[in-house]
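Beneath this line is the structure, given in structure tokens, with notes to follow.
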């Protein structure tokens, strides 16, 4: 039998406020954002922190959402591909937003390169980089334009912590942990 | 005179654009997954307006949140306004931000640095 207490205990220790695993749809994003907004209001979180958490949540969740489209539906691992995990918790005056999803192994190095570039930049350099990509960057059909990670790094003020775990010869599991300080 | 009115939703802003008064207002949240689709009517309306604009156009942007996919569309809107401005018509972009919302002020300044149209940064009480 599934050890539900083990889940509970882990979530309790990491002070998880909300978690989700499965297919990421537009309706789901709307619900998660509504729930998190009312939770932050109930906790009487400072408007400044609340806005940062909300902004970063939107970008993280929409990253997952847009990524779903890239996964080949007819793929044998398609079910895997369309699933993602998301959680948000708060420990030691810091919000942790954690996402995880499958990426094709071919995409690991380019993605890693993009995040490493962002992590190497100072606050001012990030601002300049954002403006350059905003003004010159190519836009995908739905309006994604490679700004998401830059914006997350700017708003959180922290380096983007990530990991790639090889799953089989074609897929890796990409996880991202965004920290937002409460003060 | 032509008008564009789009009612706001939890993910998209209220948009009011009145050709007669030359006032364009974007207010609320702009966090749709597909922002190109959402902003298309506004970009098209601005295209029409640009052939016969008012001598003065006031643009009021009062956003609580916007996602990065909207940020590109908002830049497109500003580029249309920039073209009208270059043709010798007066445009002012009023960028509203809440008192302690430094991120929103900074976002306005980012646009100000890219677009050659006068910007006014206006602080509002929460």
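The values are calculated or read from the model by the stated rules, or taken from the named source; none is laboratory data. As the structure is a computational prediction, the values presented were derived from the model and not from experiment. Here Cβ is always computed from backbone atoms with ideal geometry, including for glycine, and neighbour counts include all displayed protein chains.
Numbers at a glance
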item: Filtered residues of segment B:9-22 (kept if loosely packed, with under 15 Cβ neighbours inside 10 Å and either away from chain A (no Cβ under 14 Å) or farther than 15 Å from residue B:38 by Cα (or both)); result: B:20, B:21
item: Residue tally, condition in a helix (DSSP H, G or I), touching a helix residue (DSSP H, G or I) at 6+ places or on another chain (Cβ under 9 Å) and farther than 11 Å from residue A:62 by Cβ, over segment A:16-31; result: 1
item: Any hit, segment B:43-62, residues being crowded, with 18+ Cβ neighbours inside 10 Å, within 12 Å of chain A (Cβ to nearest Cβ), closer than 17 Å to residue B:13 by Cα and in contact (Cβ under 8 Å) with a residue 12 or more places away in the chain; result: no
item: In segment B:90-105, residue nearest to the other protein chains (Cβ to nearest Cβ) [restricted to those that are in a helix (DSSP H, G or I) and surrounded by 15 or more Cβ atoms within 10 Å (Cβ to Cβ)]; result: B:103
item: Unmet requirement for residue A:67, which otherwise passes all of (1) part of a helix (DSSP H, G or I); (2) in contact with a strand residue (DSSP E or B) (Cβ under 7 Å, 6 or more places away or on another chain); (3) at pLDDT 90 or above; result: (3)
item: Residues (under 22 Å from residue A:49 (Cβ atoms), part of a strand (DSSP E or B) and in contact with a strand residue (DSSP E or B) (Cβ under 6 Å, 6 or more places away or on another chain)) located in segment B:106-126; result: B:124
item: Options B:78, B:66; residue that is in contact with a strand residue (DSSP E or B) (Cβ under 8 Å, 6 or more places away or on another chain), crowded, with 20+ Cβ neighbours inside 10 Å and under 21 Å from residue A:29 (Cα atoms); result: B:66
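Table: residues versus (1) outside any helix (DSSP H, G or I); (2) in contact with a helix residue (DSSP H, G or I) (Cβ under 9 Å, 6 or more places away or on another chain).
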| site | (1), (2) |
| --- | --- |
| B:4 | yes, yes |
| B:20 | yes, no |
| B:39 | no, yes |
| B:53 | yes, yes |
| B:59 | yes, yes |
| B:74 | no, yes |
| B:77 | no, yes |
| B:84 | no, yes |
